[in-house]
């Protein structure tokens, strides 16, 4: 009976450890980090369009506080409450005012649709409506105005033909990355392409980008930088390209991997101790 009980406790401990390992795998802090994601293979390219729209729609103040410019309860831009039932993200603080919302459901009827370049993208950027943005929001009503404060942003995707989200391709998005993406805004206040190209060390041809993307040229440049100029090992390649942004993992990745290994090691020690009793 002792052995059976020990095995049971070991199974529970290992399950908890594996569940914690399957949480958000990586933090994306810059466009350089975006280059390390396998867009077009394991992650839809459409995620970049959705993320570009989101970065240029939210408000970010001088203290890096993010707030939504729309009510996420109103189905605006394909948004709705997300219960985190599968434990994809951290549990909400006890009795907190925070809630999770997903944004970007192209099939959801709304009076506030996503812009055409997101809702009806070019064929190469269609994502089968799998990609989503998840935000953790605290609603504050001052009587005169309602604010929706955001303290966590994620990009994720549904498994093929399933409602559940894929934890292996769920990424935390920092305010710094959102600010970098905002520099590629489209419209009357957009930055000149030569400035953006030089600022982010791109080899893109301005004329080609403008001819291909017209009024969305800044977005086209961002996509070129992320998709065409990334340098990392891919399953289709038999070598690694070394350069300014080479390498599959950044420092945060190695730290997360090391922490996960330590967690599993501690659980195994506990299991051995329980079984020896």
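We did not get these values from a lab; they are worked out from the coordinates using the rules stated. Since the structure is predicted, the reported quantities are computational estimates derived from the model, not experimental observations. Glycine also receives a Cβ, built like all others from the backbone with ideal geometry; neighbour counts cover every protein chain displayed.
Odds and ends about this structure:
- Burial ranking of peptide ranges 129-137, 84-92 (average Cβ count within 10 Å, highest at the top): 129-137, 84-92
- With the largest listed first and rounded to whole Å, the semi-axes of the equivalent ellipsoid of region 131-179 from the Cα gyration tensor are 27, 15, 7.
- Once the gyration tensor of the Cα atoms in region 24-248 is diagonalised, the equivalent ellipsoid follows with semi-axes of 29, 21, 17 Å, ordered largest first.
- Spherically averaged projected area of region 108-238 from its Cα convex hull (nm²): 11.7 nm²
- Three-way shape call for region 79-146 based on the alpha-carbon gyration tensor, with the a/c threshold at 1.5: oblate
- Sorting the segments 150-162, 38-50, 189-201 by their mean number of nearby beta carbons within 10 angstrom, highest to lowest, gives 38-50, 150-162, 189-201.
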